[in-house]
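Here is the structure we will look at.
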Amino acid sequence: MLVAHAGMSDTPSTVLETGTDTPAADSRENATRIYPHALFRLGKRCEYSDTVVSPSSDISEPTRVMPLLEGPDQLFPPSFFLDRNFLTPLYSSNAFASTPQPCFEHIISKHLPPADHATLYDEYFSSIHVWLPMISRKRLVHTEATETDSCQPLLLLSMRLCCTNPQDSPAAQNHLYDLTKSLCSFAENSGLASLRLVQSLVLLSVYELSHAIYPAAYLTISRAARLGSLMGWHDRRAQQLFQLADTWSLREEQRRTWWAIFILDRFINIDTSGLPFAAPEPFPDELLPVNDEDWGLGKAVPNEPLYTASFSSITTLGSFARSCQAAHMLGKVIHHKEAKRKSSQDAAELLQEAQGLHRALASLQLSLEESVDTNSPLSSERYPPTALLICASAQPLLHGIYGCLDTTYVASQTRVGLETEMQDLSIAGLRSLASHTAPAIARVDSQCPFVARCFYAAAQVCGWFVREDNELGMRNALECVVGGLERLAERWAVAVEYLALLEQSGTLRLIGREYKLDSISRPGLQSGYVKTCQL
């Protein structure tokens with residue numbers, strides 16, 4: 001039970017509505033009901049008894065008993081939307097998350113005790129952080145010690161969620177997922193807004209994307225993008241709610257968080273059609289994250305621009321900056337696919353654009369492979385680089401449009417000479433992906449969920465070549481990438497979904513594999529596709 005006390009008042013304590021249906025709550029029909037955001041204005045405080053979440057209750061208790069979050073000390077300025085001429089940017093970027101949240105700490109500590117934080121840091125920064133380095137470990141520890149962001153416990157819970165491999169239930173029904181998702185919604189509805197809340201939503205979307213929980217992943221990353229845009233991260237010249245961050249490390253972490261949103265937004269939309277992006281296109285003078293080594297050490301170094309004349313392996317760009325470049329190219333390919341589908345542009349103009357995208361992707365891939373071969377000290381990421389996985393997903397998306405000119409994408413009535421040239425480039429690109437790039441990636445134990453889309457695209461291409469020419473090399477490559485998907489399925493349920501699609505298309509039968517639906521025998525996976533026989 002949550003009880004609000006008036007400071008020096010002798011009046012009886014006021015019972016706050018928590019949404020429970022207990023007899024004690026029903027018996028107080030005349031009790032005054034006060035919403036959480038009014039507590040500070042009334043000079044009252046919340047007391048949390050030890051029975052808010054009993055030791056015997058399960059992890060979903062907060063979803064049944066809504067925690068009373070205390071709204072921010074500072075109300076959101078209506079002038080931001082009503083008349084920006086009267087808007088004065090707020091001094092602190094944590095202005096809407098500086099109020100202590102005892103209910104966060106109380107509930108989350110039940111499932112993530114402070115004594116476990118150090119272990120969580122080691123686990124998270126050696127796994128998720130490797131391919132999505134948006135959180136500064138140095139700032140995270142400092143923020144925890146100073147308690148400057150009330151959404152910090154929620155971020156820690158989101159980190160724990162992403163490090164969890166569900167075993168007792170499907171990922172979408174995991175109790176820790178329910179708790180994290182509910183608390184994120186409660187925080188937003190209470191008017192909280194901060195870097196830590198946005199990062200919590202990003203990690204929640206990572207979990208949903210990795211376990212193929214749709215449309216939740218699409219909606220969650222959209223919420224993160226909206227909050228990030230509200231705080232002006234998408235454009236430094238846009239209307240700003242807060243003053244510029246007072247430290248370089250905070251500004252860099254905000255930039256990295258926005259780029260993480262951008263990457264996930266583009267990847268989630270890779271196979272959709274007609275849906276708008278949540279994160280807008282970057283501006284011409286947009287800056288990339290600094291190299292990961294210097295940032296991890298807290299060393300202030302210059303940022304390089306997104307737009308460059310060419311990709312080069314001799315550069316100070318870190319692995320995350322290259323992932324941003326690859327995601328930017330992926331977004332351009334998705335835009336091109338939509339333009340081709342709508343046929344609103346001249347065919348020759350579209351073909352020239354397609355060739356430009358092909359050259360840019362090939363150049364990016366070459367620079368990535370060269371940087372790996374030279375063991376660049378500026379990249380702490382293990383092979384395969386995340387940027388290569390994104391690039392290897394963008395290439396078949398582009399080449400699939402032009403690899404077969406009988407597809408519905410080619411709507412022009414007259415063949416243009418560039419079409420044949422683009423078809424040759426596309427077939428060569430698809431062959432290289434299936435026979436070289438994807439098998440090389442599959443031979444490495446990568447835990448990045450992006451690799452699932454790369455394997456799926458490569459398996460489709462391998463199946464196409466096997467059906468057309470019955471090539472032994474392509475059959476072996478298909479075995480390799482399917483094996484990679486099977487290993488990844490032990491960690492992320494999205495790989496199981498891709499295996500199910502390959503089964504539906506008949507691709508798995510080309511190498512003597514069959515899968516059947518068995519929702520019980522594979523705990524932790526949203527769909528229970530398991531390997532049943534090898535002919």
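Rounded, prolate or oblate: which fits region 227-313, taking a ≥ b ≥ c as square roots of the Cα gyration tensor eigenvalues, rounded meaning a/c under 1.5, else prolate when a/b beats b/c?
Note, shape of region 227-313 comes out oblate.
With just the Cα atoms defining each centre, how far is region 246-309 from region 464-496? Give it in Å.
With region 246-309 and region 464-496 each reduced to a Cα centre, they are spaced 32 Å.
Could you sort the peptides 209-222, 320-333 by per-residue average Cβ neighbour count (10 Å cutoff), highest mean leading?
The most tightly packed comes first, giving 320-333, 209-222.
Which net charge results for the neighbourhood of Asp285, defined as the other residues with beta-carbon distances under 14 angstrom from its beta-carbon, given Lys and Arg at +1 and Asp and Glu at -1?
Within the 14 Å Cβ shell, the charges total -1.
Please work out whether region 127-170 counts as rounded, prolate or oblate from its C-alpha gyration tensor, where a ≥ b ≥ c are the square roots of the eigenvalues and a/c under 1.5 means rounded, while otherwise a/b larger than b/c means prolate and anything else oblate?
Oblate, because a/c is 1.5 or more while a/b does not exceed b/c.
Report the charge-dipole magnitude of region 71-145 in Debye, nearest 20, computed about the Cα centre from +1 at each Lys and Arg Cβ and -1 at each Asp and Glu Cβ.
180 debye
Computed from the coordinates by the stated procedures, all read-outs in this text should not be read as laboratory data. No experiment lies behind these values; they were computed from the predicted model shown. Neighbour counts are summed over all protein chains in view; Cβ atoms, including those assigned to glycine, are modelled from backbone coordinates with ideal geometry.
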